[in-house]
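Input: a single structure, listed below in structure tokens.
The values are calculated or read from the model by the stated rules, or taken from the named source; none is laboratory data. Computed from a prediction, not measured in an experiment: that's the story for all the values here. Counting neighbours? That spans all protein chains shown, and the Cβs are built from the backbone with ideal geometry, glycine included. These accessible areas exclude ligands, DNA and RNA; they are computed on the full protein's heavy atoms, side chains included. Shrake-Rupley method; radii C 1.70, N 1.55, O 1.52, S 1.80 Å.
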Amino acid sequence: MAGQSSSLAVKPVVWWKPALFFLVVIVGLWYVKWQPYYGKAFTASETHSIGKSILDNASDSPFRAALDYAMVYFLAVWKAAVLGVLLGSLVQVLIPRNWLVRTLGQRQLSGTLFGTLLSLPGMMCSCCAAPVTAGMRRQSVSVGGALAFWMGNPLLNPATLVFMGFVLGWNFAFVRLLAGLLTVVGVALLVQHYTKDDAPVIVDMPAEENVVEAHFLRRWGSALWTLFWSTIPVYVLAVLVLGAARVWLFPHADAGIDNTLFWVVAMAIAGCLFVIPTAAEIPIVQTMMMAGMGVAPALALLITLPAVSLPSLIMLRKSFPAKALWLTGGLVILSGVILGSVALI
């Protein structure tokens, strides 16, 4: 009886942590993503627009351009960025590692597909999803599972697909969904295959970790501090640099940016480097196409702009092997080039 009572006493301690994590996830995403996007969908359906392009009115001064872009960008993403860091730290102390290893930790297709599925409710941009991805990697999530979660957030965002349908047309939304799914799963599997990442060993949680709660706040504080300083300072610096460089990355769209392979490749590379808030690729492409940009480079941008960015790649420099990040960036560019090239046929 004593042993049975002891076992029953442990269960509330085991389960309150995951319950708290999912409560934070649901409340945080409802406040930051789900509720605002619900209203934004009606705006998109009525006006066929979700706002101005974030690239508009770029200053000729790199210093001024950097500050202007950083201000607009961080005002748009700061809530999601805070939530990303919070969830990235909490996943390390509230979710048992063996749970993540059994679902996302194995170097198999199932882990990649599960990471893709988990990304759908998040609806985060690549930079806001990066801290969560970093926290998952610290919990022994495989390269494929973590990459699928990271890229799936922006590329397979259900709200973005709805916005895109109302603003650019449902043909664009369908192409984005199909190409995004192939990119997320394909890139994750290829990078995992060509990257050395030993499969984690499933271990049972020590009994004292399940019972003793005295060190929870200390462990969370340590995880939060480490995650913040390994991701946010370089994130801010990279956004400032790209804000200054946006004039060269995205020249004024006119009839010169037409349906040629040169511009498909150029826009695919620029899109992979640049950083944008969630769904900002829609007004960017809408504005550039109205100014004369061809459909082929537009399709390349619709894949590479949201998928990854230079700041998000830098934020994950300590979470993945360097080869994995180089391969990810290169394969995302290739995906954009392939999609744009199909439009040239």
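In summary, the lysines within cross-link reach of Lys40, defined as a Cα separation below 18 angstrom excluding same-chain residues under 8 places away, comprise Lys52, Lys79. Label positions at Leu261 and Trp326, each projected 7 Å from the Cα along the C-beta direction, are separated by 2.5 nm.
Take the Cβ atoms of Lys52 and Trp78, set R0 to 25 Å, and the FRET efficiency comes out at 0.85. Per-residue ellipticity at 222 nm, computed for the chain from helices alone with -39500 (n - 2.57) per DSSP H run of at least four residues, works out to -25000 deg cm²/dmol. Note on Cα extents along the principal axes in Å: of the candidates (i) 63, 56, 35; (ii) 80, 37, 37; (iii) 121, 50, 32, the value calculated from this structure sits at (ii).
Lys/Arg Cβ at +1, Asp/Glu Cβ at -1, dipole of the chain taken about the Cα centre: which of Val32, Gly145, Val264 is farthest positive-ward? Of the options given, the answer is Gly145. Across Leu301, Leu20, Leu100, mean-square fluctuation computed from a Gaussian network of the chain (C-alpha pairs under 10 Å connected) peaks at Leu20. Label sites at Met290 and Val241, each approximated as a point 7 angstrom past Cα along Cα to Cβ, lie 3.3 nm apart. Axis of helix 109-119 versus longest Cα principal axis of the chain: the two differ by about 70°, to the nearest ten degrees.
Percent of accessible area on the chain owned by carbon and sulfur, 1.4 Å probe?
Values: 11240 of 15680 Å².
Carbon and sulfur together cover 72 percent of it.
As I understand it, the value is the acute angle between the Cα axis of helix 143-155 and the longest principal axis of the Cα atoms of the chain; what does it come to in degrees, rounded to 10? Between the helix axis and the principal axis of the chain, the angle is about 50 degrees.
A run of the chain free of exposed loop cleavage sites, with trypsin sites (Lys or Arg not before Pro) counted only in DSSP states other than H, G, I, E and B and at most 16 other beta carbons within 10 Å, reaches its longest extent at 53-195.
Ranked by the mean number of other Cβ atoms within 10 Å per residue, highest first, peptides 184-192, 302-310, 224-232 order as 302-310, 184-192, 224-232. Distance between the 7 Å Cα→Cβ label points at Arg218 and Thr103: 3.0 nm.
For the chain, report the accessible area per residue in Å² (1.4 Å probe, heavy atoms, rounded to an integer). Walk me through the numbers on the way to the answer.
Working: 15680 Å² over 345 residues.
Solvent-accessible surface per residue comes out at 45 Å².
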